[in-house]
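As structure tokens, the structure follows; a few thoughts come after it.
The values are calculated or read from the model by the stated rules, or taken from the named source; none is laboratory data. Here the structure is a predicted model, which means the values were calculated and not measured. Backbone-built Cβ (ideal geometry, glycine too); neighbour counts: all protein chains shown.
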Amino acid sequence: MMRALGLAGMLALASASLAAQGVMVAPHAVFIDHRLRSGSVLLYNPGTEPVEVSISTIFGYPTTDSAGRITLDTLLADSTVSALGWIQAFPRRLTVGPRERQTVRLLARPPAGLPDGEYWLRLVIAAQAGRVPITGVADTTAIQVGLTLEVRTIIGVNYRKGPVGTGVTLSQLSARIVGDSLITRSKLERRGNAAFIGMIRETLVDSTGAVRGQRVGDSLVTTFASPIGVYVAMQPRLASAIPHPGLPRGRYWLRYEVVAERDDLDPTVVLKAPAVRDSVQLVVP
Amino acid sequence: MKKTLLLVMCVGLTGRAAAQAGSSVSAHAVVVTVGMTISTLRDLNFGTVIKGVPTTILPTAANAGEWQVSGSANAFIVISFTLPTQLTNIQALPGSTMPIAFSGISAIWRRSTNNPVGGTVFDPAVGAVGRLGPPSNFNMYVWIGGTVTPALAAKPGIYQGNVVVSLIYQ
């Protein structure tokens, strides 16, 4: 139901932004079963002008850099899990009219003898909005400058053949308070033969066992949750805000868990895996 | 039931909900979970510039480029740019160009709030990891500015280029 409300809200918002030009891509992750060998992505243009869309594919998956920031690694030496060579998208170019929707089909032709497991690629949906409206062109001595903005939405495509399983290990958990933020870092390594798609949940408790709230936007939450996709290994750095006036002196515990649950995906495509948990102490001097 | 509801909602957008409501929904129906929308709210427009005078647009300026991203609440989105180094005069002979540059403070992203003041400043050449807002407002906004340096001998006309923003969903 939350997903339904989310979609409805998002579409209502998109409809309200009449001046905006873009395209909605749904779902934001595609899972293809080897028995079906096909998938699809819906494109919807909420704007009042046609949007030209081009479709391409790349191989890559999320990882983290030395600072813990999530990046898409597309320069991978190991491509044994790449589906780039045998999944194609159709059409490659299309125009989505105002308030119209169109479907992009994904067709897989896996090589014979493909071992069981999960194979990945990324779908790149590039949408070109209209040209920059520049006025004053009647003045032939003037110099006018404008840049057109193009958007590319890059979503994951996971192809599953045969029995697939996943899991994750958690290590090197650390947490510290910096200013009004709670900064955490951990090392996550995938197990099994499929990506771990799930959530990180963080709960801060004080020495009495009482849960301390964290701020997310304008809301106070008891648990800070963050979607995560562990394809091989990563060391994500997360930051949440401590509500004003901050934490009193004392000892606190950060409870950290990684679970194979996602509100934004169909539960049938989220592979089950045991949750992993750890905790670490923080001292506010 | 959930899948059916989602599909009907989607169909409703096209104004054909009434036509669909009485018909059965095929089992082949696409499962539409929450999608992601990236909309260009405003292009980056320097307007009229003066020969020999560099012109900078800050990402907080009213004529900075702006995108709105909507999707799954609290999701992390990797933001990266493909930036031009030269703009081309589309009214002059080929080869008439103007340099454009971006600095470490040329871009901003912000959750939920459509106001760049108070957002996170970053270098568009490096990129950033942004985050969508919480369930009550699952948006993220991105702004970009830059600096153009028209030469004293720059030819009159319209100079244009492309900025590509790539948003990668986990």
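Restricting segment B:80-94 to residues that are of a type in the set (Val, Ile, Thr) and more than 10 Å from chain A (Cβ to nearest Cβ) leaves a set whose member that is surrounded by the most Cβ atoms within 10 Å (Cβ to Cβ) is B:Thr88.
Considering segment B:136-147 alone, what residues qualify as being touching a Pro at 6+ places or on another chain (Cβ under 7 Å) and either facing chain A (nearest Cβ under 7 Å) or of a type in the set (A, V, I, L, M) (or both)?
B:Ile144
Exactly one residue out of B:Ile105, B:Ile100, B:Ile77 is surrounded by 23 or more Cβ atoms within 10 Å (Cβ to Cβ) and either in contact with a Gly (Cβ under 7 Å, 6 or more places away or on another chain) or in a loop (DSSP other than H, G, I, E, B) (or both), and it is B:Ile77. Restricting A:Val211, A:Val230 to residues that are in contact with a strand residue (DSSP E or B) (Cβ under 7 Å, 6 or more places away or on another chain), under 21 Å from A:Gln281 (Cβ atoms) and not polar (S, T, N, Q) narrows the list to A:Val211.
The single condition from (1) at pLDDT below 90; (2) touching a strand residue (DSSP E or B) at 6+ places or on another chain (Cβ under 9 Å) that A:Val104 fails is (1). The residue pairs whose first member lies in segment A:140-158 and is facing chain B (nearest Cβ under 7 Å), whose second member is outside any strand (DSSP E or B) and acidic (Asp, Glu), and whose beta carbons are closer than 9 Å, counting only pairs six or more residues apart or on different chains, are A:Gly146/B:Asp43; A:Leu147/B:Asp43; A:Thr148/B:Asp43; A:Leu149/B:Asp43.
If we only count strands (runs of 3 or more DSSP E) wholly inside segment A:182-234, which ones have 3 or more residues that are without any contact (Cβ under 8 Å) to a residue 40 or more places away in the chain and within 25 Å of A:Thr268 (Cβ to Cβ)? Hits in segment A:182-234: A:224-230.
Looking only at segment B:95-119, residues that are farther than 17 Å from B:Ala62 by Cα and either β-branched (Val, Ile, Thr) or more than 12 Å from chain A (Cβ to nearest Cβ) (or both) come to 6 in all.
One line per residue, one yes/no per condition, for (1) on the phi < 0 side of the Ramachandran plot; (2) surrounded by fewer than 20 Cβ atoms within 10 Å (Cβ to Cβ); (3) facing chain B (nearest Cβ under 8 Å):
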site: A:Val23; (1), (2), (3): yes, no, yes
site: A:Tyr61; (1), (2), (3): yes, no, no
site: A:Thr71; (1), (2), (3): yes, yes, yes
site: A:Thr80; (1), (2), (3): yes, yes, no
site: A:Gly97; (1), (2), (3): yes, yes, no
site: A:Gln102; (1), (2), (3): yes, yes, no
site: A:Arg109; (1), (2), (3): yes, yes, no
site: A:Gly117; (1), (2), (3): no, yes, no
site: A:Val124; (1), (2), (3): yes, yes, yes
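Once segment B:61-74 is narrowed to residues that are touching a Pro at 6+ places or on another chain (Cβ under 9 Å) and over 18 Å from B:Asn139 (Cα atoms), the residue that is nearest to the other protein chains (Cβ to nearest Cβ) is B:Ala64.
Under the condition of being surrounded by fewer than 21 Cβ atoms within 10 Å (Cβ to Cβ), farther than 28 Å from A:Glu257 by Cβ and of a type in the set (S, T, N, Q), the residues counted in segment A:138-173 number 3.
Of the listed requirements (1) touching a residue at least 40 places away in the same chain (Cβ under 8 Å); (2) surrounded by 17 or more Cβ atoms within 10 Å (Cβ to Cβ); (3) among the β-branched types (Val, Ile, Thr), B:Thr37 misses just one: (1). For the residues A:Ala14, A:Ala67, the requirement of being small (Gly, Ala, Ser), modelled with pLDDT under 90 and not in a loop (DSSP other than H, G, I, E, B) singles out A:Ala14.
Of the residues making up segment A:218-272, those that are touching a Ser or Thr at 6+ places or on another chain (Cβ under 7 Å) and among the acidic types (Asp, Glu) number 2. The sole residue among A:Leu72, A:Leu84, A:Leu43 that is within 20 Å of B:Met36 (Cβ to Cβ), at pLDDT 85 or above and assigned by TED's automatic domain parsing to the domain that holds A:Arg122 is A:Leu43. Does B:Pro156 satisfy being within 11 Å of another protein chain (Cβ to nearest Cβ) and either aliphatic (A, V, I, L, M) or farther than 30 Å from A:Tyr61 by Cα (or both)? So B:Pro156 fits the description; yes.
So which residues in segment A:186-200 are basic (Lys, Arg) and either more than 19 Å from the chain's Cα centre (by Cα) or surrounded by fewer than 18 Cβ atoms within 10 Å (Cβ to Cβ) (or both), if there are any at all?
A:Lys187, A:Arg191 - these are the residues of segment A:186-200 that are basic (Lys, Arg) and either more than 19 Å from the chain's Cα centre (by Cα) or surrounded by fewer than 18 Cβ atoms within 10 Å (Cβ to Cβ) (or both).
Scanning segment B:54-70 turns up at least one residue that is modelled with pLDDT under 90, surrounded by 13 or more Cβ atoms within 10 Å (Cβ to Cβ) and touching a helix residue (DSSP H, G or I) at 6+ places or on another chain (Cβ under 6 Å).
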